[in-house]
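Structure, as structure tokens:
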Ligand SMILES: [Zn+2]
């Protein structure tokens with residue numbers, strides 16, 4: 001599994017909809033690849049925020065904070081966002 005495969009499957013993985021074989025391959029990749037670990041963790045945080053929003057009815061201000069969070073994390077990574085090794 002490559003970084004590209006991980007980025008394509010990450011949301012399915014977080015929904016626990018991947019086949020066992022794909023899930024194991026993805027986990028094996030996360031074990032060796034810090035970039036994908038970071039990517040999946042960030043996606044998981046985003047999905048949690050989206051779910052919280054669905055349950056609690058979060059307002060536009062939270063959306064702005066989320067956008068700001070992504071801008072900041074892009075900066076701290078060197079500005080190029082998600083990169084493959
Ligand atoms: Zn990777």
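The values are calculated or read from the model by the stated rules, or taken from the named source; none is laboratory data. Predicted, not measured: the structure shown is a model, and the values here were computed from it. Here Cβ is always computed from backbone atoms with ideal geometry, including for glycine, and neighbour counts include all displayed protein chains.
Summary table
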quantity: Every pair of residues 6+ apart whose Cβ atoms lie under 8 Å, when the first sits in segment 1-16 and is free of Cβ contacts under 8 Å to residues at least 24 places away in the same chain and over 14 Å from residue 45 (Cα atoms) while the second is in a helix (DSSP H, G or I) and near the ligand (Cβ under 10 Å from one of its atoms); calculated: 9/26
quantity: The lone exception for residue 11 - which of (1) in contact with a helix residue (DSSP H, G or I) (Cβ under 9 Å, 6 or more places away or on another chain); (2) away from the ligand (no atom under 13 Å from the Cβ); (3) at pLDDT 95 or above it fails; calculated: (3)
quantity: Selection count where residues are farther than 23 Å from residue 73 by Cβ and not in a loop (DSSP other than H, G, I, E, B), scope segment 6-26; calculated: 6
quantity: Selection count where residues are part of a helix (DSSP H, G or I) and modelled with pLDDT under 85, scope segment 33-67; calculated: 18
quantity: Tally of residues being within 10 Å of the ligand (Cβ to nearest atom), closer than 24 Å to residue 70 by Cβ and surrounded by fewer than 17 Cβ atoms within 10 Å (Cβ to Cβ) across segment 14-42; calculated: 4
